[in-house]
Amino acid sequence: MKTKISLSLAFFAMALTFFACSSESPSSPQGWEGPSSSSNDNSNKRACQIYDAESGTINQCKQLKQLYVFPEGECETSNRQLVSQCNTDYYVLKCNCYDSEIYIYKNGINCGPCSSGGSNLPTCGNVEYNPVTQICSNNTISSKCGDLGYNPSTQFCSSSAVYTKCGNMEYNPSTQFCSSNSVYNKCGGTLTYSPGTEQCCGSNKYTTVTQFCSSNSVYNKCGGTLTYSPGTEQCCGSNKYTTATQFCSSNSVYSKCGGKEYNPSTQECTDGIAFSKFTDTRDNKVYKVVEFGTQTWMAENLNYTPSSSGSKCPDNTSSNCTIYGRQYNWATARTACPSGWHLPSSLEWTNLVRFVNDNNSGTKLKAKSGWNSNGNGTDSYGFAALPGGYVCYNCNSFLVIPLDTYPDIGDKGYWWTDTELVPNYASYILMSNDSEIVNYDSRSTSDMLSVRCVKN
């Protein structure tokens, strides 16, 4: 009885094989469940689903959404594997269920039998290959990269994309690139550059001919050729300068004046003091100008010759006017300053003295040379006060013909204020070679003293 049953099963299997491989095989084999299946009795049959390779190898099979039904028994899904070529696709599976011959369909096309225990791998130039990991092109087998083939001797696969090796080396295309058979890291892991003319600077790139990198920042070279230290230097045209001690103006480098910048077009630096310049259009004499807070003073004594007779050179010597400026009686002094300037009041002198320090203001305002008996000052603000003395009008009153005298040249300096104290007497400023302070006093308005003009 057992022998008859075995013969019947064998006969059934042979008939099934013949039917499936014949030229008139149906569009779906017996037991196929899906859109083209005509089978209605699957009550005693188990199903083996065609491999859903969304997480694996075979995407096309997932699209079928059909079940291949076996006569009976369990389907060992762990034994599914790729075994043969289906027309132009590579997606035919073998399921070892009771060692029976299995017929695999794809989209209703009969692809032929899959014999258990047999090898049905596709061939390429008479050589078997695995379509999951390899590809055949022009009878040549190459490795597979996604859906593309490549030659491992000259190419490599990265993230399902094919790349040419770089001087026989593989590299990471996401963070590296190849140039002239050499591998380079991308700038910041993302940016490529031209190694012959460019370099990385942090996450950026720069042109080596005209730029440079410092602390991961890109800077232009000075004049396109000169590098500098950005923390302590800067460009000035085609040159560079040290920011602590120099500055740039109109593409020229200048040393700071007393540690400060100034305007070279309108100022000049002397002994660490930046002076502006003023031209008196009446005689075209040029005067240095210095600022004290909100006040702007001439840094030299006035040397203008008015049409009136109320002025003289110290010691009545013209060369002394060049050194000390001209000296004026009070009435002439009040109108001697050029337009836009005036003779300062006592209060304006007081504000100047307070600005430089009351205790030793004389020392700070006196020039560094020109004072007798080591009475020179420090000239801390560029005021450059000089000891021109004064002209004493009619001091020798006992003579029949009064004569002016010229005392204190080299020892003391006298400057008028615009403040009249009592009739015929006005306030003046005194600095001396034997004193560190600035003194205030009054003199006859007929005497001739020096004049400093202050800007309106």
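Read-outs throughout are calculated quantities, based only on the coordinates presented, and are distinct from any laboratory measurement. These numbers come from a predicted model, not from an experiment. A quick note on method: Cβ atoms are made from the backbone with ideal geometry, for glycine too, and the neighbour counts reach across all protein chains shown.
Packing, taken as the mean count of other beta carbons within 10 Å per residue, orders the peptides 288-301, 378-391 from highest to lowest as 378-391, 288-301.
When a/c reaches 1.5 or more, the comparison of a/b and b/c decides; with that in mind, is the stretch 169-212 rounded, prolate or oblate per its Cα gyration tensor?
Numbers: a/c = 3.80, a/b = 1.55, b/c = 2.45.
Taking the square roots of the gyration eigenvalues as a ≥ b ≥ c, the stretch 169-212 is oblate.
Separation of the alpha carbons by more than 18 angstrom is noted, of 277/455; 312/368; 277/312; 260/366; 288/368; 312/364, for 312/368; 277/312; 260/366; 312/364. Among residues other than residue 432 with Cβ under 10 Å from its Cβ, the summed charge is -2 (Lys and Arg +1, Asp and Glu -1).
Shown is the FRET efficiency for residue 242 and residue 147, computed with R0 = 60 Å from the Cβ-Cβ distance and rounded to the nearest 0.05: 0.45.
Given Cα positions, please report Rg to Rh for the stretch 295-370, the hydrodynamic radius being the Kirkwood one. Computed over Cα atoms, the ratio is 0.99. Rg over Rh for the stretch 287-413 works out to 0.98, both radii taken from alpha-carbon positions and Rh defined as the Kirkwood radius. Scanning residues 5 or more positions from residue 162 or on other chains, none has an amide H under 5 Å from its amide H, with H placed 1.01 Å from N in the peptide plane. Neighbours of residue 301, meaning other residues whose beta-carbon lies under 15 angstrom from its beta-carbon, give a summed charge of +1 when Lys and Arg score +1 and Asp and Glu score -1. Magnitude of the charge dipole for the stretch 327-456, about its Cα centre and with charges confined to Cβ atoms of Lys, Arg (+1) and Asp, Glu (-1), is about 320 debye. The 3J(HN,Hα) values that the Karplus relation (6.51, -1.76, 1.60; θ = phi - 60°) gives for the stretch 227-239 are, in residue order, 7, 8, 9, x, x, 10, 10, 9, 7, 9, x, 8, 10 Hz. Gly and Pro appear as x. Within the shell of other residues whose beta carbon sits under 15 angstrom from the beta carbon of residue 180, the net charge comes to 0, with Lys and Arg scored +1 and Asp and Glu -1.
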